[in-house]
Amino acid sequence: MNGGLTIKGGSAGLPFCLNMLTSLFRADPRASDGSWIWQRLGRRLRAETNGWAATGVVTADGFLKPVVLEPKLRACIQHAGIKHILTPNERDASGEAVARLISAMTPTSLKSGPDMPTTALVQLGFAAEKRRLVSHRCRHVAQAMMTLGGFNSGWQRAVTVVALVTSCVMLFALQDLWCILLPPRAPDIVTPSSPSPYYLWVSLDTKHPEYFEVVLESKYWSNRRAKVARYSGANASVRAEILLHRLTGQIAQDGEDGTVWIERRRRFLTREYASEERVGCYSVAYLNRLIHD
């Protein structure tokens, strides 16, 4: 490098890079006054700098390449002040690997206390703080900065996942919400009508058939409720098809007795809610004669 400074060993790239970034922050603190992220990162580095170590080869685009980790981990374990180490994302830096290394370096005298005579009146207890070193595996310099700043919070990740799931649900339900807030206009009855006397077709002039349904109320025919759907073919239309069944004991003797109601359907995703909003009313006689108009 210019200025006579030379780095020997690529594994010093990550700590050198992080030191350069923090030095720029300290050189002109006013440049980051409006950045909450840099302010938090600066406070963390000033308070906990001595407890962190880092190793890793930094590529030109900021990614970290694997290095030989065991000598660095041993040195950090022997240094009582180091609690955390930033490493490339490799298997030797996992929590299990670090725990095995710490166990291997722990003296035998600390693993089990010395033998005491059974006749001793006073029993002594031996305790020692278990050495811990937390490794943080990173793929990129930006991830290392996030770890240093304490932004990798499990609670925050959970909140982010919940917010993402909620956003996806609301995105899928956007059309249903829109039709609840601004319902489509009440449709008009149009042709075609059913060519069969056993069916009653209620064709509607609407682009949103999924938000309407048809109800038949009659004293001659069985009451029916039918969904509106889009049909293709020779008689293509948006309609509800009602199968006609005579009542066992008809109160009325006229086959054209009855009223057809057009109701709105209130839907949200896969759930449908009861709706009593009726937006249209037509007689069965009118619908039977519609084919001849």
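Here the average projected area of the convex hull drawn through the C-alpha atoms of the chain stands at 35.5 nm².
Cα convex hull, the range 187-247: 77 Å³ per residue, rounded to a whole number. Candidates SER283, LEU244, ILE262 compared by Cα position along the dipole of the range 232-293: farthest toward the positive end lies ILE262, with charges placed on Cβ. Modelled spin-label separation between VAL68 and LEU181, with each label point placed 7 Å from Cα along the Cα-to-Cβ direction: 6.3 nm.
Compute the label zone of GLN39 within the range 144-176: residues whose backbone N is under 18 Å from the point 7 Å along Cα-to-Cβ. Label zone hits: 149-151. Derived scalar couplings between HN and Hα for the range 195-200 equal x, 9, x, 8, 10, 10 Hz in order, rounded to whole Hz, by the Karplus curve 6.51 cos²θ - 1.76 cosθ + 1.60 (θ = phi - 60°), x for Gly and Pro. Stretching ASN89 away from ARG266 to a fully extended chain increases their span by 58.6 nm, per 0.36 nm per residue minus the current alpha-carbon distance. Taken along the Cα-to-beta-carbon direction at a fixed 7 Å, the label points for TYR273 and ARG46 span 5.3 nm. A quarter of the convex hull surface defined by the alpha-carbon atoms of the range 12-75 gives 5.2 nm² as the mean projection.
Per-residue Karplus couplings for the range 277-289, computed as 6.51 cos²θ - 1.76 cosθ + 1.60 with θ equal to phi - 60°, are listed in order as 7, 9, 10, x, 9, 9, 8, 5, 4, 5, 5, 5, 8 Hz, Gly and Pro entered as x. Taking 12 Å as the straight-line reach from the Cα of LYS207, the aspartates and glutamates in range (excluding those fewer than 8 positions away in the same chain) are ASP188. Using amide H atoms built 1.01 Å from N in the peptide plane, name the residues 5+ places from VAL279, or on other chains, whose amide H lies under 5 Å from its own. When sequence neighbours closer than 5 places are left aside, the close amide H contacts are ILE262, GLU263, ARG264. Note on ALA31/TYR199: beta-carbon distance plugged into 1/(1 + (r/R0)^6) with R0 of 51 Å gives a FRET efficiency of 0.10. In the chain, the DSSP beta bridges split such that about 80 percent are antiparallel, to the nearest 5. Over all alpha-carbon pairs of the range 131-206, lay out the pair-distance distribution in 5 Å bins, whole %, shortest bin first. Pair shares across the bins are 3, 11, 9, 10, 9, 8, 8, 7, 6, 5, 4, 5, 5, 5, 3, 2, 1, 0.
If you wrap the tightest convex hull around every Cα atom of the range 147-293 and split its volume per residue, you get 150 Å³.
Each Lys and Arg Cβ is given +1 and each Asp and Glu Cβ -1; about its Cα centre, the chain then shows a dipole of about 1460 debye.
In whole percent, how big is the carbon plus sulfur part of the accessible area of the range 189-263, probe 1.4 Å, protein atoms only? After summing per-atom areas, the C and S share lands at 49 percent.
Among the trypsin sites (Lys or Arg not before Pro) in the range 180-226, those located in a DSSP loop and surrounded by at most 12 other Cβ atoms within 10 Å of their own Cβ are ARG185, LYS207.
Relative contact order for the range 144-293: 22 percent, from Cα pairs under 8 Å spaced at least 6 residues apart, divided by residue count.
The values are calculated or read from the model by the stated rules, or taken from the named source; none is laboratory data. Just so it is clear, the model here is predicted, and its values are computed rather than measured. Glycine also receives a Cβ, built like all others from the backbone with ideal geometry; neighbour counts cover every protein chain displayed. SASA here: full protein model, heavy atoms, side chains in, ligands and nucleic acids out. Shrake-Rupley method; radii C 1.70, N 1.55, O 1.52, S 1.80 Å.
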